[in-house]
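The values are calculated or read from the model by the stated rules, or taken from the named source; none is laboratory data. None of these values were measured; they are calculated from a predicted model. Positions of Cβ are generated from backbone atoms using ideal geometry, with glycine treated the same way; all protein chains shown enter the neighbour counts. Surface accessibility is based on the protein's heavy atoms, side chains included, excluding ligands, DNA and RNA. Shrake-Rupley method; radii C 1.70, N 1.55, O 1.52, S 1.80 Å.
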Amino acid sequence: MTNIAVLASGRGSNLQAIIDNIGKGYLKARITVVISDIGNAYALERAKKHGIEAVFIDPKKFPSKELYEEEVLSILKKHDAELVLLAGYMRVIGKTLLEAYKNRMLNIHPALLPAFTGLHAQKQAFDHGVKVAGCTVHFVDDVLDGGPIILQRCVEVKEDDTAETLADRILEQEHKIYPEAVKLFVENRLRTEGRKVKIIH
Ligand code: GRF
């Protein structure tokens, strides 16, 4: 059984999707801790509702990113985290966490990478006039939204879409592919060769 830690800054709907998929037996894993950099993040409430340890670590209390990440790392270690999931975690991951969780940290991004990295990816895509949008689960490396891609899912843009309705449909797909990617990881079915991630069937 893989021990998972989730880092989240906001509403935590992707966290919820992971919790639900563990609950229904799709994922053979357990979430040992949820960590947030935002004190009132709803993700922390979701964790508590499910009896999961919820930890707020205030970045303002640390003089540097490195020291903040060392604190995050100590909590991850305390909870024996083997896999770290970023789920709407609004900080760029630094060297400390990258080195500790190389090839063991995943992120979900609401665009078809490498297009539309960074913030408000759905609106970036919508404003650009794309006909097909989507989402991506990838390994985290030192390039923002740049690590090897595990899964992607397309979402068609409709004539009457707004950035918000499009983002809602992308989110529905995020809730599917994140658990799918985590399942592949915990079942040891991912092989990374350079930028390419092979899935063992
Ligand atoms: C999602 O759109 C995710 O792709 C992005 O941040 C958002 C987080 O949403 N990285 P939630 O907190 O999981 O509901």
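Some points to look at:
- Filter result for ILE75 (among the aliphatic types (A, V, I, L, M) and within 16 Å of the ligand (Cβ to nearest atom)): no
- Scanning segment 130-167 for residues that are among the charged types (D, E, K, R) and open to solvent by 80 Å² or more (accessible area, probe 1.4 Å) returns LYS131, ASP142, GLU156, LYS158, GLU159, ASP160, GLU164.
- Pair list, Cβ < 6 Å and 6+ apart or interchain, from segment 84-107 residues that are more than 18 Å from VAL33 (Cα to Cα) and among the small types (Gly, Ala, Ser) to residues that are away from the ligand (no atom under 12 Å from the Cβ) and outside any loop (DSSP other than H, G, I, E, B): GLY94/LYS65; GLY94/GLU69
- When THR32 is tested against (1) within 16 Å of the ligand (Cβ to nearest atom); (2) without any contact (Cβ under 8 Å) to a residue 60 or more places away in the chain; (3) in contact with a His (Cβ under 6 Å, 6 or more places away or on another chain), only condition (1) is not met.
- Checked against the criterion of being more than 11 Å from the ligand (Cβ to nearest atom) and either touching a residue at least 12 places away in the same chain (Cβ under 8 Å) or under 23 Å from GLU69 (Cβ atoms) (or both), the candidates ILE19, ILE38 yield just one match: ILE19.
- In segment 168-195, the residues that are crowded, with 18+ Cβ neighbours inside 10 Å and not in a helix (DSSP H, G or I): LEU190
- Any hit, segment 90-101, residues being within 11 Å of the ligand (Cβ to nearest atom) and either buried (at least 18 other Cβ atoms within 10 Å of the Cβ) or within 24 Å of LYS198 (Cβ to Cβ) (or both): no
- Between ALA111, ALA81, ALA115, ALA87, the distinction of being away from the ligand (no atom under 16 Å from the Cβ), small (Gly, Ala, Ser) and open to solvent by less than 80 Å² (accessible area, probe 1.4 Å) belongs to ALA81 only.
- Exactly one residue out of LEU15, LEU27 is under 17 Å from ARG91 (Cα atoms) and either open to solvent by 10 Å² or more (accessible area, probe 1.4 Å) or modelled with pLDDT of 95 or more (or both): that is LEU15.
- When restricted to residues that are outside any helix (DSSP H, G or I) and more than 17 Å from ALA5 (Cβ to Cβ), segment 81-95 contains 1.
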